[in-house]
Amino acid sequence: MHRKRIASVVLLLAVIAGCAGLEHLQTPDIERGRSLVKSMGCNDCHTPGYQERGPEIPEQDWLTGGTLGFFGPEGTSYPVNLRLLCDRISEDDWLVLARQMRKDAPMGAILLPRTPEADLRAIYHFVKHLGPKGDPAPASLPAGVTPPTPYIEFPYLH
């Protein structure tokens, strides 16, 4: 009986140590994601007020989407609330979405489809680390519809 109890305790400690080890493995990924979000300019569009206030916006308010539309020949798109998006989709779904961005999304045509998978995963982990916050962005509008929100005329990228 005593050996079974010791074996159970050893097994429990091994599981706890393994879980603690996983936390340490995730921390660099979150840090990498934070760095990528900064360097790729994600906040420029996906964090309201970032263009005006920049780094003084606390990280807890990052990536909540926006109502400034990008109006172009294919319609109007809005910066999605990445925190709500990543809260409801899996990491693998994020990879698919990032690779197959809508043609009317400015970031999709330029950057995300070319980003290495490891970096996309790091971004996902960072956004998940932030947790859900904010409201969904307005729905995209089709070509020919003038947005009811403020917008920037965006050139055709293709």
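Points worth noting:
- Rounded to the nearest 20 debye, the dipole magnitude of the range 26-153 is 120 debye, with +1 charges on Lys and Arg beta carbons, -1 on Asp and Glu beta carbons, and the Cα centre as origin.
- Ratio of the Cα radius of gyration of the range 26-153 to 2.2 N^0.38 Å, where N counts its residues: 1.02
- Cleavage-rule hits (GluC sites (Glu not before Pro)) in the range 28-125: DSSP loop, at most 12 neighbouring Cβ within 10 angstrom: none
- Segment D44-E31, length gained on full extension (0.36 nm per residue, minus Cα span): 2.8 nm
- Between I152 and G69, F70, F71, the built amide H atoms are under 5 Å apart, and every one of these is 5 or more places off in sequence or on another chain.
Computed from the coordinates by the stated procedures, all read-outs in this text should not be read as laboratory data. All values reported here derive from a predicted model rather than from experimental measurement. Cβ atoms come from the backbone with ideal geometry, glycine included; neighbour counts cover every protein chain shown.
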